[in-house]
Amino acid sequence: MMAYILFGSFVALILLRVPISIGIGAAALITFLSSDFSNFLQIIPQQMLEGVDKASLTAVPFFIMAGNLMNMSGVTERIFNFANALVGHFKAGLAQVNILSSMIFAGISGAAVADCAGLGAIEIKAMKERGYRADFAAALTVASSVIGPLIPPSIGLVLYAFLAQQSIERMFLAGFVPGLIVGLSLMLYVRFISTFQNFPQQEKATPREVLSTAKHGFLALVAPAIILGSIMFGLVTATEAGVLACIYCILLGLWYRELTWKKFFTALSDSAMMTAVIMIIIAFSIAMGWLLAIDQTPQKMAGAIFQFTQNKNVFLSLLIVFIILVGCFVEGVPAKLILVPTLLPIIDTYGIDRVHFGIIMQLGLLIGIATPPMGIGLYIVSEVGRVKFEKVTTAVLPMIIPLILVLLLLTYVPEVSTFLPNLILGPD
């Protein structure tokens, strides 16, 4: 009964356009007041405070800060220039540059929003100036931003590791290969459609120009290697890697002479606001999860689904459809906070590896940021690129096809995401 009240009130509040952070808290409070625990309201703040008082969550604000600092210190522009010199001469070359830049940027920021807002401003402007349609440029930018939260470091994978009680390092390693495959799939898509459309093509950069952009962007380009290498070799924890990323971005900004006090405080305030919103959502979701646990909702759902089908592959098919639908309406952070505690007992019942499930959920929800009607990435690139939302929505729909194909590959071939962490860290 509690689950019906909880989810019913949450959906009703979302339909009334209440912010998700408030909607989760209000739904939990409504359910609590209608339960047998209505006289013990102090349980809610207790659960909220205990939920966010976890060392693993301290990595989140640092990676948010690193992404904002990159956008303020000229790092994104240097990454773009290097990628352009490298592959810009290919057919639909600047579109390929868009994707490659996201793959490099992903190794530092780990946030799709930072990719859309930071790289997006540079990429869309450059593509429009060279003759690409504005809607295509914006759509490709939001589609390629999906790579960011897969290739480590990743804020979303930090959160999933916390919820699923998995090693952050293991989740980071599990996302590396899937992130590369997503990038390659989008590159193949662009190459395929370029045979039917007359995309602009630029001259091949000379070896001297490639070396020049590499030289100017070298310090920015080695940032992912420093951050990922320090994690993989056990030199730092995920949280310490976030601190390292922030320090490195500050030093780069000073070296490039582009990071002013004003830009620094802007990055700091933006990071504080984003972190506060995420932590509020986490705190409210912990209280919601406690109510679901008391009601034994996960166990009831597991039993019902297992009676419906005991076939693992059928269940996985239903699961990815469900996750994509959720991702279309609910942003990744609150979606994970609501779904992970509920779905984990079901996942365990079917014998699905939790690391494997984490990558499925991560990509499935990420597809949602590029999917109408609520995809946040669509709104960001529409604003950044000054393109009508309806046009971006139409242009992005074909690009979702390669993303879904990769999701199917990751779902039914778990070794794609599990072999690297098992190789480096050993079997879980």
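Find the relative contact order for the chain and round it to a whole percent, using C-alpha pairs within less than 8 Å whose residues are 6+ positions apart.
26 percent
Apply the Karplus parameterisation 6.51 cos²θ - 1.76 cosθ + 1.60, with θ equal to phi minus 60°, to every residue of region 164-170 and state each ³J(HN,Hα) to the nearest whole Hz, in sequence, with x for glycine and proline.
Here the 3J(HN,Hα) series is 9, 6, 10, 5, 4, 4, 5 Hz.
Beyond 24 Å between alpha-carbons counts as too far, so tell me which of 204/263; 312/336; 128/391; 336/388 fall in that bin.
204/263; 336/388
Scan (1) 22.2; (2) 33.7; (3) 23.4 for the value of Kirkwood radius over Cα pairs in Å calculated from this model and give just the label.
Only one listed value fits the structure, namely (1).
Taking the alpha-carbon distance from residue 91 and a cut-off under 20 Å, which aspartates and glutamates remain once sequence neighbours fewer than 8 residues away in the same chain are dropped?
123, 129, 135, 203, 209
Tell me the label-point distance for the pair residue 276, residue 125, using the 7 Å Cα-to-Cβ offset, in nm and rounded to one decimal.
Computed distance between label sites residue 276 and residue 125 equals 2.9 nm.
With angles folded into 0 to 90 degrees, how steeply does helix 93-106 sit against the dominant principal axis of the chain? Use alpha carbons for both and round to 10.
Its long axis makes an angle of about 50 degrees.
If a paramagnetic tag sat 7 Å from the Cα of residue 233 along the Cα-Cβ line, which residues of region 145-164 would have the backbone N under 14 Å from that point?
Output list for this probe position: empty.
From the phi angles alone, apply the Karplus equation (6.51, -1.76, 1.60; θ = phi - 60°) to region 251-258 and give each ³J(HN,Hα) in whole Hz, x where the residue is Gly or Pro.
Each residue's phi maps through the Karplus curve to give 4, 4, x, 6, 5, 7, 6, 10 Hz.
Where a number appears in this text, it was derived from the coordinates with a stated rule and is not lab data. Computed from a predicted model, the values in this text were never measured in an experiment. Neighbour counts are summed over all protein chains in view; Cβ atoms, including those assigned to glycine, are modelled from backbone coordinates with ideal geometry.
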